[in-house]
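One structure below.
The values are calculated or read from the model by the stated rules, or taken from the named source; none is laboratory data. Everything numeric in this text was worked out from a predicted model, so none of it was measured. Cβ placement follows ideal geometry from the backbone for every residue including glycine, while neighbour counts extend to all protein chains displayed.
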Amino acid sequence: MLSRKTIGFLLKIGIVAFALFFLYEQLITKSSVEQFIVTEPTNWQEFNQSMLQTRKVEKIVIVNKGKAYVYIKKELLSEEQFKKVRGKAFGEAPNLGPHFFFEIGSVETFNDNLKEAQIKFDNEEKISPFYETKEDVFGDTILLQIKQHYGVLAVIILMMFLNWFLEALKWQFLISKIEQISIKRSIRAIFSGITVSAFTPNRVGEYGGRVFCLEKADRIQAVLITVIGSMAQLVTTIFFGCIGLLFLPKYSPEFSHMVNSIEFGYPILIFLLVLLNVLIVFLFLNASLFSTILSKIKFLSKYEKYNEVFSFYNTDELAKVLWYSIARYTVFTTQFFILLQLFDVNIAYTDAIVLIMIMLFVVSIIPTIAITEIGVRGSVAIFLFGLLSANTAGIFSATFVMWIINLLLPALIGTVFIFTLKFFRK
């Protein structure tokens, strides 16, 4: 029978191996701006039978002699079979294409198959493919800017460490109610938590990654305390996101029309967002109310030890936690603005900050796995910043580099600290 020490070591090896595999897979599969165009994969058989033979294809474009991109006739996009590709990822604008893609093998084989498939077509119905050669615009954009502005990139990386140092200070302060830890151990816990959270839904693994750094404290209490810290960050994101939403009609005609179509729409929007902000801040600063409420629920009253966690902190202490969260928020909004400028997304500071606040708000309320968050964040960023800039490659480059610096790099660092976790206590 395996000893606890052996089981613990195997668990650590498994976590690190899975994290490294997941990080690598996401880095490879998410490093393309094309993922944010609504283009569905298909194959020759499906393309031929359900699109080409039914005369629904507008044109075919062969890119780099290896991949066929299919454009469907605009008037037919309303059909049920094209439901997934008729619109863009965000907003109501129509998707002009490409709508489908598939690997062709060789150009000669594809041309022969296409010619044979259209043998019974009238001349005006036949489609001849277009050919394009595309460079890796996304990759070239990132590499060029990094070479030219490596000093700026170094500053952004230093800001990443500042961001997580602030989080370490916040967690050290919060956890001190049940165990005194050094800032060094708090930093170790933070990076371990990032690694574990990278492949867990909504970052729930972060709690486990942190609490296994503690030596004596009750781990369930530690998880609840960590939740309080996470709630502080969420409250901050929602608070500033609501402020950003008040300015969204200025940038989005669609949103402005929707608000103005309702009688007193904008005043109602202001009232609801201000009310939401006041409510969430009040509830957070008075978290002890939750202890009172939970103690009155019969089946939860026996868990008094855990219910009382929410009463560990007074209003001043929770305000301090909120200020830590605001400081972190300021750091990563500034990071993203600098990256937008680095990749030539020329948007004024005030406009950029408003859109960043909205982006972070939207991302925070969409359930994701942390490491795959780039897909959601990238789509939202391209939609929002696309309202003011046509530099799609620059917007995605800024989002992708931000993801690498603030999540992928810390997750890699955390793999080292995973081996210091203590799954079992003596």
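Tabulated data for the structure shown
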quantity	calculated
Selected residue (only one of Leu276, Leu246, Leu283 is free of Cβ contacts under 8 Å to residues at least 60 places away in the same chain, closer than 23 Å to Ala327 by Cα and in contact with a Cys (Cβ under 8 Å, 6 or more places away or on another chain))	Leu276
Selection within segment 325-351 - touching a residue at least 24 places away in the same chain (Cβ under 8 Å) and either of a type in the set (Gly, Ala, Ser) or farther than 30 Å from Phe284 by Cα (or both)	Ser325, Ala327, Ile338, Leu339, Leu340, Leu342, Phe343, Asp344, Val345, Asn346, Ile347
Qualifying residue in segment 263-279 (condition: at pLDDT below 85 and surrounded by fewer than 13 Cβ atoms within 10 Å (Cβ to Cβ))	yes
Number of positions in segment 364-383 that are surrounded by fewer than 18 Cβ atoms within 10 Å (Cβ to Cβ) and modelled with pLDDT of 80 or more	2
Near pairs, Cβ below 6 angstrom, 6+ apart or cross-chain, from segment 217-231 (within 9 Å of Tyr207 (Cα to Cα) and modelled with pLDDT of 85 or more) to any residue that is buried (at least 16 other Cβ atoms within 10 Å of the Cβ) and of a type in the set (D, E, K, R)	Thr226/Arg210
Subset of segment 82-100 [at pLDDT below 85 and outside any loop (DSSP other than H, G, I, E, B)]	Phe82, Gly87, Pro94
Test: residue in segment 197-206 that is part of a helix (DSSP H, G or I) and either under 24 Å from Gly386 (Cα atoms) or more than 19 Å from the chain's Cα centre (by Cα) (or both)	no
From the options Lys250, Lys298, Lys302, residue that is over 30 Å from Gly414 (Cβ atoms) and modelled with pLDDT of 85 or more	Lys250
Helices (runs of 4 or more DSSP H) wholly inside segment 230-339 that include at least 1 residues being out of contact with any strand residue (DSSP E or B) (no Cβ under 7 Å at 6 or more places or on another chain) and of a type in the set (Gly, Ala, Ser)	253-260, 265-285, 288-296
